[in-house]
Amino acid sequence: AFADKQGVEAPPIAKIRLADEIGMLTLQVTKEGEAVQRMMKGQPFVLCVGAIHIRKNYTLLYDVWTMLNESMGMAAPHLVIVGGVGWNGAEIARVMREDPRVSARIHIVESIDDLSLEWLYSHALMTVYPSLYEGWGLTNPLIQMIPKVRLRSWCSRISFSNCRMRGRSLSSVMLGIS
């Protein structure tokens, strides 16, 4: 309408959706991806995708894995965190890496290729997303996992601003959301 009023041709417009085109992967496994797949092959593990930030509640996962390790010992599943460490997550990442009770069970992966991430989604016992608050970030890991894994996911009780806009099907995989 505006372009017509101005007497110019409107430029082409395209809708670009984020995080729901997991079939469009980089088709090359990196050395880091190979190492993670080799380490987790045949191991029970839980996957969490997202950089470590305070608001993403990784302290809860640390506490849970401490309790799992104390009660289950070597039978406790591994926790694989993909996404690196955010600007205010260095302390909890340090604690996870240095605590001898969990350091062999919690693995922080700073960078990984698309195929290895898909492999992790498809081999995980379940995914977790313990965030306290999310905006646009919440839906990306959840939408990525939907076509690839059996929907066994757990989210903490969180506030979120955009999930209703991204798709109602997400409500079937999120538990306890306000």
Kindly state, to the nearest 0.05, the FRET efficiency for residue 32 paired with residue 94, given R0 = 25 Å and r defined as their beta-carbon distance. 0.80
Which residues qualify? For residue 29, with a placed amide H closer than 5 Å and at least 5 residues away or on another chain, they are none
Can you run phi through the Karplus equation (6.51, -1.76, 1.60; θ = phi - 60°) for region 66-72 and list ³J(HN,Hα) in whole Hz, with x for Gly and Pro? 5, 5, 4, 5, 5, 8, 10
Given H placed 1.01 Å from N in the peptide plane, which residues other than close sequence neighbours of residue 79 have an amide H under 5 Å from its amide H? 46, 106, 107
Using a simple spin-label model with points 7 Å from Cα along the Cα→Cβ vector, what separation in nm is obtained for residue 87 and residue 3? 3.8
Hey, what's region 63-104 come to in accessible area per residue, 1.4 Å probe, Å²? 53
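The values are calculated or read from the model by the stated rules, or taken from the named source; none is laboratory data. Because the structure is predicted, anything quoted here is derived from the model rather than measured. Heads up, the Cβs are rebuilt from the backbone with ideal geometry, glycines too, and the neighbour counts pull from every protein chain shown. The protein model used for the area step is the full one, side chains on, heavy atoms only, and it has no ligands, DNA or RNA in it. Shrake-Rupley method; radii C 1.70, N 1.55, O 1.52, S 1.80 Å.
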